[in-house]
Structures are given as structure tokens and as C-alpha cells.
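Q: One structure, as C-alpha cells, below. Some questions next.
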Amino acid sequence: MSQLFRSGTVAIVGRPNVGKSTLLNRLIGSKVSITSAKAQTTRHRIVGVLTQEHAQLAFLDTPGFQTRHVGALNQVLNRTVRQVLSDADAVMLVVDAPAGWTLADERVLKLIPDDRQVILVLNKTDAAGERLALLPLVDRVRQLREFAAVVPISAQRGTQLEALIEECVRLLPPGPPLYEPDAITDRSERFLASEALREKVFRLVGDELPYTTTVVIDQFEELPHLRRIRATILVERDAHRPILLGGGGERMKRIGSEARADLERLFGSKVHLEVWVKVKGGWADTEQSLRAYGYE
Ligand SMILES: Nc1nc2c(ncn2[C@@H]2O[C@H](COP(=O)(O)OP(=O)(O)OP(=O)(O)O)[C@@H](O)[C@H]2O)c(=O)[nH]1
Ligand SMILES: [Mg+2]
């Protein structure tokens, strides 16, 4: 019996830090979206593609939606969330289950258009162990809107992801694939390189460095078995430079070598990575300069 091929987009939305990007990477089996314990790690819409025998799913990772901080960067990030929601065929609303339902989750829920099918994803079920009471949480959220499914998962451990994928496929319209069968993302290697570096800065530098650090790729050369990359990390103030470098440049070395290791895995080639640090205050202050640094 021939089965209908289904294809479409599934938005992954939620407040910051609930595990959206960890989930995306797990679903497609490649690390295309960066993750960290800090809120607001993701800054762009990132597509991760999963092609199966009877379906192709394009998952759309989004920045964590939040209204606590204001500023040009946050406005751009929140706008990205709204745009993705208006484009997607279906939506996964990701919640940090041990943390429970919060006002911030409710704000995200309210952004989802009424006519969209939504799966409630209860993440981090590994974190609370036996004590985790999911039913009261589900009851509460179900009073606010109807869900196509409710799926408890652990993105980190990869628990219940098959069931989640099945629920997503059911919500997709019949149609031909949108991406090549072997595609994993719509993002260029150049973009992925800048993100890998930003992840290491987020992970290896503490809260001394404001989260408005960004990365610019100055040169990206693609050779048959080698990528030659030169990048600059932009920080806001002179005082941030030594924080990034660390004693004897140790921290900077680690940032570079960990990013390189990730990229070699992702690209399947050798990577030569040269990283510079530059002070450039105010790059995130206006929408105009944000656009110049790749924020749509
Ligand atoms: N225990 C546990 N931790 C998780 C799980 N999924 C993600 N995390 C952790 O939660 C933190 C945030 O993960 P991210 O995937 O970056 O979260 P995000 O929702 O994409 O965050 P933003 O992009 O900042 O909105 C990281 O420290 C992850 O390791 C999970 O299933 N269990
Ligand atoms: Mg993220």
C-alpha cells in the first residue's frame, strides 16, 4: 500500500532556556543550533531538516521569547518568533516541565495564532526524576487552549522523540519535500562557523561578558578537505577583551579549539580557525546596525 508523503514546517517556540535548540539538534541528529545554560542563546530562525520514508519535517528553531528586557536586539528576536509562528504549518510549544507553567510561558502561548495546531512539549523530564507531577501542569495549560498532543520528553537524553516526531508528521499537509533528502539545514557553513564560536563564548565566559557579544566571519575559504576561517569576536568595551582572552590567552585558545572541533564534526572536513577580538560598542543598539550584522 502506498502511503501519502507529508511535508511542512514545525515551529519550535518557548520562553528562553527551555531546551528548544537542544531539541532541534536531537530531532535531526546534527548540531546546527547552538545551546547554552544562558537565556537568549539563539538569535536567528534556524531550520533543521529531517527526511523520513514518508515525510519531510522542517523544524524551525526560534529565539526564546521574552519581554523582561527591552532593546533593539530583543525586539528583533521577538519579531523573528512572531514571523516563524505565522509561517509554520504546526507548532511545538516547549515548556521546562520541572519549572512548571509561568507567566512567560503564557505570553508565548498567546502569540500562537488560533488556527494553528499545537503540540505541548514537556521537556527536561529527566531533571526532576520521580517527583515530577505532570498532570497538574497539563490540566492547567489545557484550560488555556486545545492541543493536538501533549508529549513529555527529555531533549538531552533523547527520550520520547520518536513519539514526538510521529505527532508532528500527523499535523503536516500532504506534499512533496521542500528540501533535498540529505539536507540538514538551510544555513551556510559560514553562518554555522560564526554560531559555533558564539556558543563557546556563551559557554566558557561567565556572566562578566554581556550577552551582546557577536561574531563576524572575515574570511571563509572552502577547499576540498579543509575550511580556512578567519573570525572576529566583537565585544562592547575595552574591559571585555581581557575577560575573553583569559590569563595568558588560555580562555581564547579554548574557545577556538572547541569551536574548531565542533565544526570539523559538522562539516566532515579539517578546519583551520583564526580568531581575533575587537572592541565595537553599540553594535546591538539600533536596528540598522543589527541588520549590518546579519539580524533580519
Ligand atoms: N536536564 C535537562 N536539561 C536540558 C534538556 N534540554 C535542554 N537542557 C539544558 O537547558 C539549557 C538550555 O538549552 P537550550 O537548548 O540552549 O535552550 P533554548 O530554549 O534553545 O534557549 P534560548 O535559545 O536561549 O531560548 C542547556 O543548559 C541545556 O543543556 C533536558 O531534556 N534535560
Ligand atoms: Mg535556543
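Q: Can you tell me which residue is farthest from ligand 1 (Cβ to nearest atom) among those in the range 2-40 that are part of a loop (DSSP other than H, G, I, E, B) and hydroxyl-bearing (Ser, Thr, Tyr)? First the steps, then the outcome.
A: Initially, the range 2-40 is screened for residues part of a loop (DSSP other than H, G, I, E, B), giving 2-5, 14-19, 29-40.
Next, only the ones that are hydroxyl-bearing (Ser, Thr, Tyr) stay: 2, 30, 33, 35-36.
Details: Ser2: 37, Ser30: 14, Ser33: 7, Thr35: 3, Ser36: 5 Å.
Result: Ser2.
Q: Also, quick follow-up: Name every residue in the range 256-293 that is without any contact (Cβ under 8 Å) to a residue 12 or more places away in the chain and under 27 Å from Leu223 (Cβ atoms), in order of residue number.
A: Ser257, Ala261, Glu264, Gly268
Q: Hey, does the range 41-54 have a residue that's crowded, with 24+ Cβ neighbours inside 10 Å, at negative phi and in a strand (DSSP E or B)?
A: The answer is yes; a qualifying residue exists.
Q: Which count do you get for residues in the range 257-293 that are assigned to a loop (DSSP other than H, G, I, E, B) and more than 19 Å from the chain's Cα centre (by Cα)? Working first, answer last.
A: Within the range 257-293, the subset assigned to a loop (DSSP other than H, G, I, E, B) is 268-269, 280-286, 293.
Then drop every residue that is not more than 19 Å from the chain's Cα centre (by Cα), which leaves 268-269, 280-286.
Within the range 257-293, residues that are assigned to a loop (DSSP other than H, G, I, E, B) and more than 19 Å from the chain's Cα centre (by Cα) number 9.
Q: Which one of these is buried (at least 24 other Cβ atoms within 10 Å of the Cβ) and over 29 Å from Val205 (Cβ atoms): Leu57, Leu24? Spell out the reasoning first.
A: Values: Leu24 fails: over 29 Å from Val205 (Cβ atoms).
Checking each option against the conditions leaves just Leu57.
Q: Further, regarding this structure: Within the range 54-83, restricting attention to residues that are within 16 Å of ligand 2 (Cβ to nearest atom) and of a type in the set (Ser, Thr, Tyr), which residue is modelled with the highest pLDDT?
A: Only one residue tops the list, namely Thr62.
Q: In the range 1-18, which residues are in contact with a strand residue (DSSP E or B) (Cβ under 7 Å, 6 or more places away or on another chain) and buried (at least 23 other Cβ atoms within 10 Å of the Cβ)?
A: Val10, Ala11, Ile12, Val13, Gly14, Val18
Q: Here's another thing I want to ask about it. Exactly one condition in (1) over 29 Å from Leu137 (Cβ atoms); (2) at pLDDT 95 or above; (3) not small (Gly, Ala, Ser) is not met by Met92; state its number.
A: (1)
The values are calculated or read from the model by the stated rules, or taken from the named source; none is laboratory data. In this text, all values refer to a predicted model and were calculated from it rather than measured experimentally. FYI the Cβ positions are ideal-geometry reconstructions off the backbone, even for glycines, and counts take in every protein chain you see.
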